[in-house]
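Peer 1: To start, I am sharing the structure in question, which I have written as structure tokens.
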Amino acid sequence: MSLFAPLDGTVARRRLYLLRHGHVAYYDADGKPLNPKLAALTDRGREEARAAGGLLSAVPLDRVLCSGLARTRQTAELVAEPHGLAVEDHPAFLEIRAGRLAGVPKENREAAYVYGFDAATEEGSFAGGDGFAAVRDRVVSAIEALVLEPGWTHLALAAHDGVNRMLLSWACGAGLSALSAFEQDYGCINIIDVDVADGRVLRRLIRAVNLTPGNPAKLGLHRTSLEEAFGPLLDLD
């Protein structure tokens, strides 16, 4: 007997809506970096999260999760609100962390931060911080455990740029080499279907990637997420 009701017309399929949090300000008015752990949604970010919530309002969500950081919780709450669901914290989906700026020579910052995902390897780390493989193992273990949990068919998870790239790479089976290809704009939605049976994942199907409900044509979205997040660091002393 199945531990969940599968998607209509399928035998053992469930659906994951994977979101990136809405826009946040990582720098103050003087261009100095703020503590990313405390970053909250801006007005733009709240609008992006509301747009995502509006798109998912007709989806029969069973659960809504976030990484636990303020920006993902605020995003998840706006998605969960139409459904009357409480948001669950799941810290296994916390973002990959870069190393300290002082530890990266100025001439190496662009490669390390802005294009850091281009050179992801099993032995490498993101800008001298978290190891790619360690974060991959953490988030993949968490998602595989989550998709085997009973009691849900449609689940939304509000997470982060790097985490979402890891999960999309897992879904397509490409591994770390695909991290740089899966761009994740603020407030985007990805859709992944997973077939599960007998306590194991049989297959993963990517339905959609980097949908931006408030701006589906990507008007004005010309820079990558890492260019936005780390570009200002290049000029700091």
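The values are calculated or read from the model by the stated rules, or taken from the named source; none is laboratory data. All values reported here derive from a predicted model rather than from experimental measurement. Note: ideal-geometry Cβ built from the backbone for every residue, glycine included; neighbour counts use all protein chains shown. Heavy atoms of the whole protein, side chains included, go into the accessibility calculation; ligands, DNA and RNA do not. Shrake-Rupley method; radii C 1.70, N 1.55, O 1.52, S 1.80 Å.
Peer 1: If you place +1 on the Cβ of every Lys and Arg and -1 on the Cβ of every Asp and Glu, how big does the dipole about the Cα centre of region 85-177 come out, in debye to the nearest 20?
Peer 2: Around 240 debye, computed over region 85-177.
Peer 1: Can you give the % of DSSP beta bridges in the chain that are antiparallel, to the nearest 5?
Peer 2: So the antiparallel bridges amount to about 60 percent of the total.
Peer 1: Now, a different point. Which of the listed residues, ALA171, PRO105, VAL147, is farthest toward the dipole's positive end in the chain, when Lys, Arg count +1 and Asp, Glu count -1 at the beta-carbon?
Peer 2: VAL147
Peer 1: A further question follows. Can you tell me the equivalent ellipsoid semi-axes for region 1-152? Use √(5λ) from the Cα gyration tensor, largest first, whole Å.
Peer 2: 33, 22, 12
Peer 1: Something else now. What size of dipole, in debye to the nearest 20, comes out for the chain about its Cα centre when the only charges are +1 on Lys and Arg C-beta atoms and -1 on Asp and Glu C-beta atoms?
Peer 2: Using Cβ point charges on Lys, Arg, Asp and Glu, the chain gives about 340 debye.
Peer 1: Rolling a 1.4 angstrom probe over the protein chains, ignoring ligands and nucleic acids, what is the accessible area of PHE230 in square angstrom, nearest 10?
Peer 2: The value for PHE230 is about 40 Å².
Peer 1: Also, quick follow-up: If one takes the longest principal axis of the Cα atoms in the chain, at what angle in degrees, from 0 to 90 and to the nearest 10, does the Cα axis of helix 43-55 lie?
Peer 2: 20
Peer 1: I would also like to ask the following. Which shape class, rounded, prolate or oblate, goes with region 22-74 when its Cα gyration tensor gives a ≥ b ≥ c as root eigenvalues, a/c under 1.5 marks rounded, and past that a/b bigger than b/c marks prolate?
Peer 2: It comes out oblate by the Cα gyration axes.
Peer 1: Round to the nearest 10 and give me the degree value, 0 to 90, for the angle of helix 161-172's Cα axis relative to the longest principal axis of the chain.
Peer 2: Relative to the chain, helix 161-172 is tipped by roughly 50 degrees.
Peer 1: Classify region 38-119: rounded, prolate or oblate, from the alpha-carbon gyration tensor (a ≥ b ≥ c, eigenvalue square roots; a/c under 1.5 rounded; otherwise prolate if a/b is larger than b/c)?
Peer 2: prolate
Peer 1: Averaged across orientations, what area in nm² does the convex hull of the alpha carbons in region 196-237 project?
Peer 2: For the Cα atoms of region 196-237, the hull's average projected area reads 6.1 nm².
Peer 1: Here's another thing I want to ask about it. Any idea what angle helix 132-148 forms with the longest principal axis of the chain, computed on alpha-carbon atoms, 0 to 90 degrees, nearest 10?
Peer 2: In the chain, helix 132-148 runs at an angle near 20 degrees to the longest axis.
Peer 1: Let me test this: with uniform point scatterers at the alpha carbons of region 103-237, what is the Debye-based log₁₀ I(q)/I(0) at q = 0.11, 0.15, 0.20 1/Å?
Peer 2: Those come out to -0.46, -0.80, -1.24, one per q.
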